[in-house]
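Enquirer: There's a structure below that I have some questions on.
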Amino acid sequence: MDASTLYSLAGIIGLALLSVLYQVLSARKKRRLEQKMASKPKVIDVRTPKEYRQDHFPGAVNIPLQKLYVDPKKVGPQDKTIVLYCQSGGRARRAKRILKAYGYTDVTNGGGLSKIKGFAD
């Protein structure tokens, strides 16, 4: 085998390993979210009120991301289990950082609405 064939083969193997690792980590993340949702957490939609009115997770409270910057205490007790979601997970990721910085201990990014809706009763 020449060097270019070996490099190609190594690249293919590397991509295959990354794909397997991604699948394992995704499955682990899904299991953790399932466990959190089974504990009946406070579910917070950090999208805008307009987005929330269009569609939301049953029982979710709407606290837009911008309001968390100003008054994170609206979330409630710092030891309560909290699952955040938005449209795709980006705003929920920022909201999680905010709440962690304010001392909230059990905060999970649930990702996007379509993902978390799979956990509705």
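Enquirer: What are the pairs, 6+ residues apart or on separate chains, where a residue within region 59-81 that is within 15 Å of GLY103 (Cβ to Cβ) has its Cβ under 6 Å from a residue that is among the acidic types (Asp, Glu) and surrounded by 13 or more Cβ atoms within 10 Å (Cβ to Cβ)?
Expert: What qualifies is THR81/ASP106.
Enquirer: Can you tell me which condition VAL20 does not meet? The list is (1) of a type in the set (Val, Ile, Thr); (2) within 24 Å of ILE116 (Cβ to Cβ); (3) modelled with pLDDT under 85, and all the others hold.
Expert: That leaves (2) as the condition not met.
Enquirer: Looking at (1) open to solvent by 10 Å² or more (accessible area, probe 1.4 Å); (2) more than 22 Å from LYS29 (Cβ to Cβ); (3) not β-branched (Val, Ile, Thr), can you tell me which one LEU68 breaks?
Expert: (1)
Enquirer: Would region 52-65 turn up any residue that is closer than 19 Å to THR105 by Cα, buried (at least 19 other Cβ atoms within 10 Å of the Cβ) and in contact with a Ser or Thr (Cβ under 8 Å, 6 or more places away or on another chain)?
Expert: Scanning region 52-65 turns up no residue that is closer than 19 Å to THR105 by Cα, buried (at least 19 other Cβ atoms within 10 Å of the Cβ) and in contact with a Ser or Thr (Cβ under 8 Å, 6 or more places away or on another chain).
Enquirer: Filtering region 26-50 down to residues that are in a helix (DSSP H, G or I) and at pLDDT 95 or above, which residue is most open to solvent (accessible area, probe 1.4 Å)?
Expert: Ranking the candidates gives LYS50 first.
Enquirer: Filter region 3-14 down to the residues that are among the aliphatic types (A, V, I, L, M) and either in contact with a Gly (Cβ under 9 Å, 6 or more places away or on another chain) or surrounded by 10 or more Cβ atoms within 10 Å (Cβ to Cβ) (or both) and list them by number.
Expert: LEU6, LEU9, ALA10, ILE12, ILE13
The values are calculated or read from the model by the stated rules, or taken from the named source; none is laboratory data. All of these numbers come straight from a predicted model, not from anything done at the bench. Cβ atoms come from the backbone with ideal geometry, glycine included; neighbour counts cover every protein chain shown. What goes into the accessible areas is simple: the full protein's heavy atoms, side chains included, and nothing from ligands, DNA or RNA. Shrake-Rupley method; radii C 1.70, N 1.55, O 1.52, S 1.80 Å.
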